[in-house]
Amino acid sequence: MPTEAKRKEIDSLAEKVRASGAIYIVEYRGLTVSRSTAVRKTIRTVNGEMKVTKNTFMRIAMRESGLPTADEIDSGPNAYVFAYGDVSATARALRDFAKEKGNEAFVIKGGVMGSSILTKDQVMAIADLPTKEVMLARFLGTLNGPIRSFVTVLSGPARGLVTVLSQIKEQKEKAA
């Protein structure tokens with residue numbers, strides 16, 4: 001039977017799990033305090049949060065939230081990164097931090113998104129996705145294409161009429 005303090009920790013984790021779009025599992029063993037602070041700050045800038053907790057607590061919180069547990073990748077000392085906003089921005093921040101010189105101890109192990117367990121390669125693929133703004137711009141461009149073409153086709157006869165009328169005017173001016 002868990003103590004009241006443990007129960008509060010599990011409930012807090014379950015709230016974070018339910019509020020996040022994805023949870024990334026990273027290994028931080030060997031990071032200096034300053035590097036650990038830097039990664040936390042980087043994650044906060046993209047609307048995420050990094051939490052170091054017991055794997056057992058996290059498994060219970062995920063189970064209670066209806067998510068699968070990542071038993072095969074959550075062994076050892078882990079930190080859990082909760083992506084509250086743009087999931088790809090958080091993954092991109094983790095990837096970029098792990099690539100920096102001096103951060104070799106920071107290892108992305110995988111994650112959980114929806115009802116799927118993500119491998120490291122899948123997390124990297126998510127990090128490679130364009131930003132939300134770029135995807136929206138591409139989508140709007142795709143929507144505007146047919147509308148723009150339709151307007152051009154509709155304006156063709158009117159433009160032709162204006163051209164014919166201006167040519168008739170020029171001919172009458174020359175004749176006069």
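The values are calculated or read from the model by the stated rules, or taken from the named source; none is laboratory data. Not measured: the values here are computed from a predicted model. For neighbour counting, all protein chains shown are included, and Cβ atoms are generated from backbone atoms with ideal geometry for every residue, glycine included.
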Original post:
Is the range 64-77 home to any residue that is hydrophobic (A, V, I, L, M, F, W, C), at pLDDT 90 or above and at negative phi?
Top reply: no
Original post:
So, of the residues in the range 64-88 that are touching a helix residue (DSSP H, G or I) at 6+ places or on another chain (Cβ under 9 Å) and charged (D, E, K, R), which turns out to be nearest to Y28 (Cα to Cα)?
Top reply: D74
**OP:** Filter the range 114-139 down to the residues that are more than 13 Å from V46 (Cβ to Cβ) and surrounded by 20 or more Cβ atoms within 10 Å (Cβ to Cβ), then identify the one that is farthest from the chain's Cα centre (by Cα).
**Re:** L118
**OP:** With respect to N47, determine if the residue is of a type outside the set (D, E, K, R), touching an Asp or Glu at 6+ places or on another chain (Cβ under 9 Å) and either at pLDDT 90 or above or surrounded by fewer than 20 Cβ atoms within 10 Å (Cβ to Cβ) (or both).
**Re:** yes
Subject >> Positions within the range 131-176 being of a type in the set (S, T, Y) and either closer than 30 Å to R92 by Cβ or assigned by TED's automatic domain parsing to the domain that holds A89 (or both), in sequence order >> reply: T131, T142
**OP:** Considering each residue of the range 1-36, count those that are part of a loop (DSSP other than H, G, I, E, B) and under 28 Å from E100 (Cβ atoms), and give that number.
**Re:** 7
Subject >> Which numbered condition E104 fails, given (1) surrounded by fewer than 20 Cβ atoms within 10 Å (Cβ to Cβ); (2) at pLDDT 85 or above >> reply: (2)
**OP:** Scan the range 92-103 residue by residue and report those that are touching a residue at least 12 places away in the same chain (Cβ under 8 Å), over 11 Å from Y28 (Cβ atoms) and more than 16 Å from the chain's Cα centre (by Cα).
**Re:** G102
**OP:** Could you list, in sequence order, all residues of the range 14-45 that are farther than 16 Å from L118 by Cβ, touching a Phe, Trp or Tyr at 6+ places or on another chain (Cβ under 9 Å) and not charged (D, E, K, R)?
**Re:** A19, Y28, G30, L31, S36, A38, V39, T42, I43
**OP:** Mind counting the residues in the range 84-118 that are within 14 Å of V39 (Cβ to Cβ) and among the small types (G, A, S)?
**Re:** 5
**OP:** Pick out the one residue from A91, A61 that is more than 26 Å from E133 (Cβ to Cβ), buried (at least 17 other Cβ atoms within 10 Å of the Cβ) and either in contact with a strand residue (DSSP E or B) (Cβ under 9 Å, 6 or more places away or on another chain) or not β-branched (V, I, T) (or both).
**Re:** A61
